Amino acid sequence: MSGIQDILLTAKSVRTWRDMEIRLLSESGCDDLSYRPRTGMSSYGWVLTHQAAIYDFSLNMLIKQGPPQYPELFKLYSPGTAGDWMETPLTEILDYFDTTEKALLDWVEKTEPADFEKVIEEGTAPSFFIGMTHREVIANAFTHLNYHTGHLTAIRKDWENTKSG
C-alpha cells in the first residue's frame, strides 16, 4: 500500500468512527448540540465543529500557510474557546467537516511526493508543529480527530446515563 493509500484508509477509518458516534447519539435521543456532559467537557456541537476546524487548520493554515477556509467557524470553535455550541446549524457543521475533509484528501491525492516531506518552519505555526513534515501534520490531524471522537463517545455515554436515571 502506498503512503497516499494509507492516508486515505486512515481518513476513512476516522470518518467511520465519527459517523457511528453521531448516529448513536441521534439514536439515543441526543440531538441537542448544546449538551455538555456533567464532567464539564465541551458541548456536542463544539466537538463536531472543532473536528472540521482540525482539517481546516491542518491544510489551510499549516500546509498551505494561509487563512482558514471558514474563518468565522474556525474562530468560534478553536482551542481556547469555552467549548460552547454557538448555535451553528448541524447541516452547516456537517458541511464544514465534509468540505474541509475533501479539501485535505484532494490535496493528498494531487500533491507531489516531495510536498509531504516539506517541514513546518519556526515563525509559521504554533511551536508544537515546528519541525513537522506535512505528512506528520496529516497524521497529527487524524490523531486529534480521533481524540475528539472519543469525546463524542463520552458525550453519548453521559447522555445515556443521564436519561436512564
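The simple spin-label model puts a point 7 Å past each Cα toward its Cβ; for S26 and Q5 those points are separated by 3.2 nm. By the helix-only formula, in which each DSSP H run with n ≥ 4 contributes -39500 (n - 2.57) and the sum is divided by residues, the chain has a 222 nm mean residue ellipticity of -20000 deg cm²/dmol. Listed by Cβ neighbour count within 10 Å, with the fewest neighbours leading, T81, T49 appear as T81, T49. Between the listed residues I130, S34, A103, the Cα displaced farthest toward the positive end of the dipole of segment 3-164, a dipole computed from Cβ unit charges relative to the Cα centre, is found at S34.
Assuming charge only on the beta carbon of Lys and Arg (+1) and of Asp and Glu (-1), the dipole of the chain about its Cα centre is about 400 debye to the nearest 20. Measuring r between the beta carbons of T99 and K163 and using R0 = 45 Å, the FRET efficiency lands at 0.85.
Taking the Cα centre of segment 1-89 as the origin, how large is its charge dipole in debye, to the nearest 20, when only Lys and Arg (+1) and Asp and Glu (-1) carry charge on their Cβ atoms? It would help to have the intermediate numbers written out before the result.
Details: 8 positive and 10 negative charges, 50 e Å.
In debye, rounded to 20, segment 1-89 gives about 240.
Given contacts defined as C-alpha pairs under 8 Å and at least six residues apart, what's the relative contact order of the chain, whole-number percent?
Once normalised by length, the contact order is 32 percent.
Put in order of Cβ neighbour count within 10 Å, fewest first, the listed residues M61, M41 become M41, M61.
Distance between the 7 Å Cα→Cβ label points at T153 and V119: 3.6 nm. Checking the cross-link pairs K64/K102; K75/K157; K102/K157 against a 24 Å limit on the alpha carbon distance flags K75/K157; K102/K157 as lying beyond it.
Just so you know, all these numbers are worked out from the coordinates, no wet-lab data involved. All of these numbers come straight from a predicted model, not from anything done at the bench. We place every Cβ from the backbone using ideal geometry, glycine too, and count neighbours over all the protein chains shown.
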